[in-house]
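Notes follow the structure.
Derivation of every value follows stated rules applied to the coordinates shown; laboratory data play no part. Computed from a predicted structure; not experimentally measured. Using ideal geometry, Cβ is built from the backbone for each residue, glycine included, and neighbour counts are taken over all protein chains shown.
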Amino acid sequence: MQISPSILSADFANLESELARIANADWAHVDVMDGHFVPNLTLGLPIVEALARVSPIPLDCHLMIEDPDRWAPQYAEAGGSSVTFHVEAAADPRAVARSIRAAGARSGMAVKPGTSFAPYEDLLPDLDMVLVMTVEPGFGGQSFMADQMPKVTQVREAVRRLGGEVWVQVDGGVSAATIEQCAEAGADVFVAGSAVYGAEDAAAAVDELRALATRHQH
Ligand code: DX5
Ligand code: ZN
């Protein structure tokens, strides 16, 4: 059970110290938005490179951008230890997944709430993680979509059936109130932005979330 706090809810003027606040987490989740795939703009390659130089934990890059076929491997080269692209944006999802691995990172594929996973099941051998979005991508602090839990279970079952070591991540509205149902459904990597960075003690929030998820370890 791994926790990946999203720095989208951190203080962007002090990212190094904001990363230090979550040094007990498993990953630092970095939301890359291009103002096209989603209606918001955050940060890109130079910032990821800078974060990789100072982060005490590995970077989990979530690319909400057009043309991941071109850009995804560059995020691995920039220092992302895990790079997740959106299948809706990819021209050739299998090639993207392979190019991420070839560049030395774990490959992740994300699906928006309206996208079903079933058509992409045969990509699992080329993936290390599937991200099931539990909000519409674009902004932090939105409400958790419990109706995505059946999809989490579908992904988990497909992974079991095919026998790979693929992680199942949830992102959006994950908090102490919602993480247990995600774990119960089959998730094992949990992104949390406002629930961690909105807390007085971010590290304590990470530990609390991990403890809640671990109760439901399958
Ligand atoms: C949303 C991002 C999330 C976001 C989560 O598009 O992908 O990672 O930061 O924030 P919370 O946990 O506040 O919903
Ligand atoms: Zn994200």
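If packing is taken as the average count of other Cβ atoms within 10 Å, what order do 62-69, 135-142 fall into, highest mean first? Before the final figure, lay out each step's value.
Values: 62-69: 22.9, 135-142: 16.9.
Descending packing order for the listed peptides: 62-69, 135-142.
Measuring from centroid to centroid over Cα atoms, what is the spacing of the range 68-146 and the range 1-22 in Å?
21 Å
Out of all Cα-Cα pairs in the chain, roughly what percent, to the nearest whole number, are more than 21 Å apart?
Working: 11458 of 23653 pairs.
So the portion of pairs separated by more than 21 Å is 48 percent.
Taking amide hydrogens as modeled 1.01 Å from N in the peptide plane, which residues meet the under 5 Å criterion relative to ALA192, leaving out close sequence neighbours?
Result for ALA192 returns SER4, SER6.
Give the distance, in whole Å, between the Cα centre of the range 38-60 and the Cα centre of the range 150-218.
Each part's Cα centre sits 22 Å from the other's.
Which residue, chosen from ALA95, GLY141, GLY173, occupies the Cα position most advanced towards the positive end of the dipole of the chain, where the dipole is computed from +1 (Lys, Arg) and -1 (Asp, Glu) charges on Cβ about the Cα centre?
The residue sitting most towards the positive pole is ALA95.
In terms of modelled amide H atoms, which long-range or inter-chain residues lie less than 5 Å from the amide H of LEU131?
Amide H to amide H, under 5 Å and 5 or more residues apart or across chains, LEU131 pairs with MET109, ALA110, VAL111, GLN169.
Quick one: 3J(HN,Hα) in Hz for the range 140-146, Karplus 6.51/-1.76/1.60 with θ = phi - 60°, rounded, Gly and Pro as x.
x, x, 8, 7, 4, 9, 5
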